[in-house]
Amino acid sequence: MKSFFRMSYPYILWIGIFIVAPMLMILLYALTTAGNSTLTFQFTLDNFAKFFSDPDYMRILLISLRIALLTTVFCLLIGYPAALFIANLSDRMQTLMTLLLTLPMWINMLLKTYAWRGILLNFDFTSELKVFIGMVYDFLPFMIIQIHTAIAKLDPNLLIAAHDLGANRLKSFLKVTLPLSIPGIISGITLVFLPAVSSFVIPKMLGGGDYVLIGNLIEMYFLQTGDWNIGSAISLIMAIVIITAMWATKKLDRSAQED
């Protein structure tokens with residue numbers, strides 16, 4: 001047992017260097033004032049107070065949550081019927097459709113966004129609509145794959161039993177397929193909402209600089225203004241939002257499994 005535990009040492013070291021240490025640095029910057037030396041730190045909560053007291057920051061946060069929620073709902077409305085359709089195909093066709101679905105994911109997201117930028121230049125859409133289209137395109141496969149995996153694992157005998165008991169196709173779907181696929185729905189929601197709420201590449205490229213989300217605000221403070229303290233505070237706020245969303249979806253998943 002100890003030998004197996006020793007095998008985890010490289011992963012623990014990797015997590016410590018590339019995850020824990022950066023998070024501690026962000027926490028330190030968020031709780032200190034600008035211009036600190038390595039020996040003297042002035043701790044403050046002004047960075048957080050500035051975010052919550054500025055109506056523009058709160059507006060950007062609400063816009064980010066709204067576009068992420070709309071993207072998630074739209075991906076679910078499209079993704080569930082698509083996943084159900086794929087799950088009802090033969091095993092060979094399911095493999096082919098899954099391959100075609102994941103094929104665009106092999107391409108760098110920046111290249112795909114550039115392609116959409118060229119396409120959408122020909123249409124007189126608003127910046128928000130362009131960003132919405134880009135997000136749905138990029139995150140839809142995550143929703144479909146998760147739901148398809150959940151539906152494909154269902155025992156077909158359950159649907160046969162429901163049919164024998166007098167349930168039509170609609171009732172079989174509502175009473176059997178839909179409840180048992182809820183874990184896949186929740187996983188899909190998590191994989192779509194979390195990257196959508198913190199996205200900055202898609203809004204920056206498709207929004208033309210007119211549509212700023214919380215991810216763009218963090219990028220601005222880190223790369224343009226150089227105010228890492230405010231940027232770190234906003235990053236921590238977003239981390240809390242994301243952790244809260246993960247906790248809520250996990251709780252819903254547990255409730256669905258218990259039911």
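With a sphere of radius 13 Å drawn around the Cβ of Ser235, what net charge do the other residues whose Cβ falls strictly inside it have (Lys, Arg +1; Asp, Glu -1)? All intermediate terms of the calculation are to be shown ahead of the outcome.
Details: positive: none; negative: Glu219, Asp227.
Net local charge, Ser235 excluded: -2.
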Segment Phe123-Lys251, length gained on full extension (0.36 nm per residue, minus Cα span): 41.9 nm
Total formal charge among the other residues, if their Cβ is under 14 angstrom from that of Phe74, Lys/Arg +1 and Asp/Glu -1: -1
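Based on the mean of other beta carbon atoms within 10 Å per residue, what is the order of 141-149, 177-185, 242-250, most packed first? It would help to have the intermediate numbers written out before the result.
Values: 141-149: 23.4, 177-185: 18.7, 242-250: 13.4.
Those peptides, ordered most packed to least, come out 141-149, 177-185, 242-250.
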Thr32 long-range amide H proximity, modeled H, under 5 Å: Thr44
Heavy atoms of Asp138: accessible area, 1.4 Å probe, square angstrom to 10: 10
Cα gyration tensor shape of the range 1-157, rounded if a/c is under 1.5, else prolate or oblate by comparing a/b with b/c: oblate
Approximate spin-label separation Ile15-Ala152, in nm, with each point projected 7 Å along Cα-to-Cβ: 2.9
Area accessible to solvent at Val201, 1.4 Å probe radius, in Å²: 30
Accessible-area ranking of Asp253, Asp124, largest first, probe 1.4 Å: Asp124, Asp253
All lysines inside 18 Å of Lys175 as judged from Cα atoms, apart from same-chain residues fewer than 8 positions distant: Lys153
Straight-distance crosslink candidates among aspartates and glutamates, where the alpha carbon sits under 16 Å from Lys112 and sequence neighbours closer than 8 are dropped: Asp138
Point-to-point label distance, Asp210-Leu178, nm (Cα→Cβ direction, 7 Å offset): 4.0
Kyte-Doolittle mean at least -0.5 and Cα axial length at least 27 Å: DSSP H helices in the chain: 55-87, 127-152, 228-258
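Order Tyr57, Tyr114 by their accessible area, 1.4 angstrom probe, all chains in place, largest first. Kindly include the intermediate steps, with their values, before the conclusion.
Working: Tyr57 20, Tyr114 125 Å².
Output order, biggest surface exposure first: Tyr114, Tyr57.
The values are calculated or read from the model by the stated rules, or taken from the named source; none is laboratory data. On a predicted model such as this, the values are computed, not experimentally measured, just so you know. When we count neighbours, we look across all protein chains shown, and the Cβ atoms used for this are built from the backbone with ideal geometry, even at glycine. The protein model used for the area step is the full one, side chains on, heavy atoms only, and it has no ligands, DNA or RNA in it. Shrake-Rupley method; radii C 1.70, N 1.55, O 1.52, S 1.80 Å.
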